[in-house]
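A quick write-up on the structure given underneath.
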Amino acid sequence: MGCSAWVLNSSELSSTPRVVALLSQTQLARHIRGHVGVQLYDESAVLPMGIAIYSLSDPRDIRDVRYVGQSADPRRRFMQHLNAAKLWLPDERPWWVKSPKLRPLYNWIRDLYRDELRMPTMVVSAWLATAAEARVAERTRIFECLAQKLPLLNVETEILGRQTALL
């Protein structure tokens, strides 16, 4: 069972410059479940049915979208993203992520966590009835983010970014 270091800034405590408390993998899992419960927002204004289009953002500015995805179960998918970052492991390159193209997303989640224990915020922007509609909506959302020059970490960003430049 691994441990995760919690580092608190001196502004959060008395005169102690840094305090480190270790979380076990089990404690961190409980912390993640609590985080998902309060940092998953649905701004779609429709009944949640079908497939959700969501974004992951830094909680300090949720308009600064870093990832766009789709899921029939956003809560479960949010937990999968956070658990896949393996925040209880020591700081190092996420070797356990099989696809190197996915590593930037999990590096970003780990960087957020190292910065005062932050984790992403998930915002659901739409619900679609079919997988085909969801794929189109996801790509549209990615194009919108790229047009705003947001630093997306999606695998498709490189390909779609080139297409955006042609428009």
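The values are calculated or read from the model by the stated rules, or taken from the named source; none is laboratory data. Not measured: the values here are computed from a predicted model. Virtual Cβ from ideal backbone geometry, glycine too; neighbours counted across all protein chains shown.
Quick check on segment 39-88: of everything there that is within 20 Å of Gln27 (Cα to Cα) and among the basic types (Lys, Arg), which residue is nearest to the chain's Cα centre (by Cα)?
So, considering only residues that are within 20 Å of Gln27 (Cα to Cα) and among the basic types (Lys, Arg), the one nearest to the chain's Cα centre (by Cα) is Arg77.
Which condition number in (1) in contact (Cβ under 8 Å) with a residue 60 or more places away in the chain; (2) surrounded by fewer than 17 Cβ atoms within 10 Å (Cβ to Cβ) is the one that Arg66 fails?
Result: Arg66 passes all but (2).
Go through (1) surrounded by fewer than 16 Cβ atoms within 10 Å (Cβ to Cβ); (2) at pLDDT below 95 and name the single condition Leu28 misses.
Of everything listed in (1) surrounded by fewer than 16 Cβ atoms within 10 Å (Cβ to Cβ); (2) at pLDDT below 95, Leu28 misses just condition (1).
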